[in-house]
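Take this structure first; my questions come after.
The values are calculated or read from the model by the stated rules, or taken from the named source; none is laboratory data. This is a predicted model, so every value here is computed, not measured. Here the Cβ positions follow ideal geometry from the backbone for every residue, glycine too, while neighbour counts run over all protein chains shown. Accessible surface areas use protein heavy atoms only, side chains included; no ligands, DNA or RNA. Shrake-Rupley method; radii C 1.70, N 1.55, O 1.52, S 1.80 Å.
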Amino acid sequence: MDVPLWFAVLVVAVLGIQVARPPWWLVALLLLGGYLVANSFLAPTVATLLD
C-alpha cells in the first residue's frame, strides 16, 4: 500500500493536535517556522542534523 507522504504527515498532525491540544498560536508558529527554515540558507544544516 503506497501512501503519499503529505497524507501521512497530515494524519499524524491532525491526531497530534487532537491528542495534545496545543494552543492555536503554537501550531501556527511551528508551521511558519518550519516553512521559513525550509526555504532559508539553514535548510542544508537542518537536513544534515535530521539525517
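Consider only pairs whose beta carbons are under 9 Å apart and that are at least six residues apart or on different chains; among these, list those whose first residue lies in the range 20-35 and is over 19 Å from Ala47 (Cβ atoms) and whose second residue is open to solvent by 100 Å² or more (accessible area, probe 1.4 Å).
Pro22/Leu30
Another one. Return the residues of the range 1-28 that are open to solvent by 100 Å² or more (accessible area, probe 1.4 Å) and modelled with pLDDT of 90 or more; say none if nothing qualifies.
Asp2, Leu5, Trp6, Val12, Gln18, Val19, Arg21, Trp24, Trp25
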